[in-house]
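Scroll down for the structure; my scribbles are underneath it.
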Amino acid sequence: MKFVVLSAGKSEPVFEGMEIDYKVSPVLGIPMGWKTIISQVDEYKSFTDFQKEGPYKYWNHFHEFIPNEKGILMKDTVDYELPFGILGRAVHQLFVKEKLKSIFDFRYNILDDLFNSKTSLL
């Protein structure tokens with residue numbers, strides 16, 4: 001999706017009310033702006049980003065960090081709806097569903113490599 005974070009303060013802690021601007025190309029490489037707002041934060045446990053402006057009719061993404069015997073499980077719950085009714089549902093089946101899956105698969109692989117690598121950095 002050529003997902004680029006545009007907002008300054010990329011390394012500051014997430015806080016309720018924080019707005020984040022992105023440039024995305026969700027369909028056919030056409031760039032568009034996307035703005036989310038952090039609507040909920042439970043420090044070290046969870047946060048939620050909610051679309052304020054962007055390509056979705058509705059976007060609510062709950063990020064959860066759950067301690068377990070192996071470390072921390074990072075869990076995402078995403079509720080979303082595309083605009084344009086039946087056309088949006090068709091675009092979802094043709095493009096968006098697989099794009100979202102590939103984004104979360106990519107993030108999973110990066111985090112798995114970073115935190116579950118069998119090689120030692122020492």
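None of the figures in this text is laboratory data; all of them are computed from the coordinates on show. Owing to the predicted nature of the structure, the values given are computational and were not obtained by experimental measurement. When we count neighbours, we look across all protein chains shown, and the Cβ atoms used for this are built from the backbone with ideal geometry, even at glycine.
Quick notes on this structure:
- The mean sequence separation of alpha-carbon pairs under 8 Å and at least six residues apart, normalised by the residue count of the chain, gives a relative contact order of 15 percent.
- Its Cα centre serving as origin, the chain has a Cβ charge dipole (Lys and Arg +1, Asp and Glu -1) of approximately 480 debye.
- Close amide-amide hydrogen proximity is noted between Gly54 and Lys35, each under 5 Å apart and 5 or more residues distant or on a separate chain (H modeled in the peptide plane; Pro and chain starts excluded).
- Those aspartates and glutamates that a straight Cα-Cα span of less than 14 Å connects to Lys97, excepting residues fewer than 8 apart in one chain: Asp79, Glu81, Asp105
- Within the straight-line cut-off of under 17 Å between alpha carbons, the aspartates and glutamates reachable from Lys23 are Asp49, Glu53, sequence neighbours fewer than 8 places apart in one chain being disregarded.
- Unsatisfied cross-links (Cα-Cα over 28 Å) in the set Lys52/Lys99; Lys2/Lys52; Lys2/Lys70: Lys2/Lys70
- The chain - Rg and Dmax from Cα coordinates, angstrom: 16.1, 55
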